[in-house]
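The values are calculated or read from the model by the stated rules, or taken from the named source; none is laboratory data. Because the structure is predicted, anything quoted here is derived from the model rather than measured. All Cβ positions, even for glycine, are placed from backbone atoms using ideal geometry, and neighbour counts span all protein chains on display. Calculation scope for accessible area: heavy atoms of the full protein, side chains included, ligands and nucleic acids excluded. Shrake-Rupley method; radii C 1.70, N 1.55, O 1.52, S 1.80 Å.
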Amino acid sequence: MQMYNGRYHRNFRWILLINSFLYLLCSISFANDTPAADRALNYYDRHLIDISNLREFTEGSMVGDAMIHRGAMFEETTKWKMTLFQMIRADSRHHQARSAFQLSFLGVPDDEILAVWKPDYIDSIEDPRTRAAFRFVDELATLPGRVTAGSHANLRAHFVDRQIAELIELISFNAANAVHDNILPIPTDQQTLEWAHSKLASVGWSAAKNVASSSDEQRAALFAGELMEAARQEILDGWDRQDLSAPSPRFSRDWLNSVTGYGIPRVTMDSDRDGVEDPFDDFPLDHSRWAAPGRWESNLPGDDVLPFDGAAYDVPYYFAPEARPADVPFSDRINFDTEWTRQTAMGTSRIEGYFAAGDRALPMKFLWQTFVTYQLASGCVHCQVHGTRWLYEFLETEASDGVVGDEALRDIYDLFDIERSDRFSPAELAALRFARDAGPLPTRTTAAHIEELRRYYADREIQELMMVVIAGARLAAGQQGNVTVTDRTSMAWALRALPPIGWRPGDHLGLPQEQRRLFMSEVEPTMAGIVMSGAELDFASEWVGKHVPLAVDRDDDGVEDAFDGFPDDPTRWEDTDRDGIEDGADSDIDGDGLSNELEAQARTFPYKADSDGDGILDPDELRDRSDPLDPRSF
């Protein structure tokens, strides 16, 4: 591949150096340095954007949200406390009220709920395992995240890998919900507002921008309490958990409208297959067009709304990560990324299928440009690699002469500093600014971003831009939590293409056994090949790249039999070595021959017989004077 060199690169290096210095000055108040006038600007007609919903995407998100909050390896009340804590740190007022309400629904006393707002809440947690989990939530509650190899070691001292995977899933879905509320504040239903004002006033909670400006805007109900219980039960009752290729769990009732009250069309037919559903397509039988001229004009900003002040938001948003040294090296990270529940793997594929569906209201190229810009600001290095590679592959396919090279790289490089690029139209710049300022969490977006988008885009298009960011947030939190080792071919591409402008891989280089085997564009052809061969397709396992056990759960305690030490007893599941002794009473939890006391002295992980995942058990490594915490030592 020919590299794009010259003055552009030299200037870009100086820009990155200056940006790094400026970051030190502005990062402390990064989310609060927006203009006061923009912070005061009110949102209006938010429901018009939500009415233009991508139902498949949003229902997939609701399914994931309902299932991940179900009690399993972490008890349901603990998960909702973690969610409340995360939403406080992410400044999501709607989801603070939602989480607190759900805890009240579960019978948690008011003073116990209010305690989560205390600055020293984590230190007040008596149980060391729960305290370790909350510290990890704290490291990922704001983006860019602060996860290190030490973070992973601290978790593995207390939990099995499957439990850590569940924790990361929870944080990821919460991040997506928090970003949704940050970028277009959810008009909370009246019942919840009244409850929150009466219960949460003592900790300074206020509805902020979550108060509806009209009765049309206000949501009908909260996706919590009995409503969520009923929706969750519907998922479990209607899903064959022993079917390898069962479709993603789905709702049969219209829970989306039950929550919003917006009357969102249920019809998702796309007659001309142009990516825009018939209810929103002005030309449902014409693949080449969907929006009639002036479609967006009915919702243009008023004359009193000033154009977007780009200079006020012109701050660094890409910060090249350093590989951070730690006392304990990273090891066997793939288990965090792949020990998913089958329903989460399939629900995730339903959400991420949004990106693979081809052009919609907005062209695929632009959706990926938006995604990359978002991830440059979120700090997700793994997402940056996959986003830029996918964009490059798309540009390569699109090129009429089959040659991309320098021109494609210029397209990608300009995303690192959109304000100084002359490649973007005012409409494109409005969308990229929205994605950039949504990247950090809490976000820097305000109503001014939405108003600027309305100058150029119909509500259906704005909804697509929102979905790119919301899906991106789930990925950003998850992959930063995993500190995912990027697949070899994608990382090799990034190491050739991106360093000339200052990009670095940080901690996302790893060992071969830590890598997923497929890049996203390789998953679908692999699955198609399995189907063509006549073999049974295990969709979840192919998507994850590692065997995902069936979701059979005989005692219905939320822990699948494959991970449940007591599969017929709903009151307990923890028996890591399957010796019939609960972990809490077992002197050798992982059954590797080292007592828990000796594991503590050796700093190995009592819940993992092979602490570094190199295939050699800890006692054997210690006997042979190898380091049981370093997969490179054996």
Seminar exercise, completed: If R0 = 45 Å, then ASP237 and SER198, at their Cβ-Cβ distance, give a FRET efficiency to the nearest 0.05 of 0.80
Exercise. Lys/Arg Cβ at +1, Asp/Glu Cβ at -1, dipole of the chain taken about the Cα centre: which of GLY545, GLN384, LEU622 is farthest positive-ward?
Worked result: GLN384
Exercise. Taking θ as phi - 60°, what are the ³J(HN,Hα) couplings along region 300-317 by the Karplus curve (6.51, -1.76, 1.60), each to the nearest whole Hz, with x for Gly and Pro?
Worked result: 5, x, x, 5, 7, 8, 6, x, 4, 8, x, 5, 5, 10, 7, 10, x, 9
Exercise. Can you give the net charge of the other residues whose Cβ lies under 10 Å from the Cβ of GLU599, counting K and R as +1 and D and E as -1?
Worked result: -3
Exercise. For ASP33, which sequence-distant residues (separation of 5 or more, or a different chain) have an amide H within less than 5 Å of its own amide H, given hydrogens modelled in the peptide plane?
Worked result: none
For this session: Provide the per residue accessible area, probe 1.4 Å, for the chain, rounded to a whole number of square angstrom.
Result: 40 Å²
Exercise. Size of the dipole of the chain about the Cα centre, Lys and Arg at +1 and Asp and Glu at -1 on the beta carbon, nothing else charged, in debye to 20?
Worked result: 2240 debye
Seminar exercise, completed: Computed D for region 488-607, Stokes-Einstein, Kirkwood radius over alpha-carbon pairs, 4 °C, 1.567 mPa s, to the nearest µm² per second, is 70 µm²/s
Exercise. Dividing the convex hull volume of the alpha carbon atoms of the chain by its residue count, what do you get in Å³ per residue?
Worked result: 170 Å³
Exercise. Taking Cα pairs under 8 Å and at least six residues apart, what relative contact order does region 360-478 come out at, in percent?
Worked result: 38 percent
Exercise. So, counting K/R as plus one and D/E as minus one, what does the shell of residues with Cβ under 9 Å around VAL552 add up to?
Worked result: -1
For this session: Return the sequence-ordered ³J(HN,Hα) values of region 194-200 in whole Hz as given by the Karplus equation 6.51 cos²θ - 1.76 cosθ + 1.60 applied to θ = phi - 60°, using x for Gly and Pro.
Result: 5, 5, 5, 4, 7, 9, 10
Problem set entry | Inter-label distance for GLU396 and ARG410, nm, one decimal - labels placed 7 Å from Cα along Cα-to-Cβ | 2.0 nm
For this session: Using the Karplus curve 6.51 cos²θ - 1.76 cosθ + 1.60 with θ = phi - 60°, work out ³J(HN,Hα) for each residue of region 366-383 in order, rounded to whole Hz, and write x for Gly and Pro.
Result: 6, 4, 6, 4, 5, 4, 4, 4, 4, 6, 4, 8, 6, x, 7, 5, 4, 5
For this session: Just add up the charged neighbours of GLU536: K/R +1, D/E -1, any other residue whose Cβ is under 15 Å from the Cβ of GLU536.
Result: -3
Problem set entry | All-pairs alpha carbon distance profile, region 382-500, 5 Å steps from 0, percent | 2, 10, 17, 19, 21, 17, 10, 4, 0
For this session: Using a Förster distance of 22 angstrom, determine the FRET efficiency expected from the C-beta separation of GLU582 and LEU550, and round it to 0.05.
Result: 0.35
Exercise. Applying 1/(1 + (r/R0)^6) with R0 = 41 Å to the Cβ-Cβ distance of ARG572 and ASP120, what FRET efficiency is obtained, to the nearest 0.05?
Worked result: 0.80
Exercise. Check LEU441: other-chain or 5+ apart residues with amide H under 5 Å from its amide H, H built from backbone geometry?
Worked result: LEU143
For this session: Roll a 1.4 angstrom probe over the protein heavy atoms and tell me the percent of accessible area of region 249-345 that is carbon or sulfur.
Result: 51 percent
Exercise. So, in the chain, how many Lys pairs have Cα atoms under 24 Å apart, if the pair is 8 or more places apart or on different chains?
Worked result: 10
For this session: Post the alpha-carbon centroid distance, region 541-560 to region 190-263, in whole angstrom.
Result: 26 Å
Problem set entry | 4 °C / 1.567 mPa s Stokes-Einstein diffusion coefficient of region 161-210, Kirkwood radius on C-alpha pairs, µm²/s | 101 µm²/s
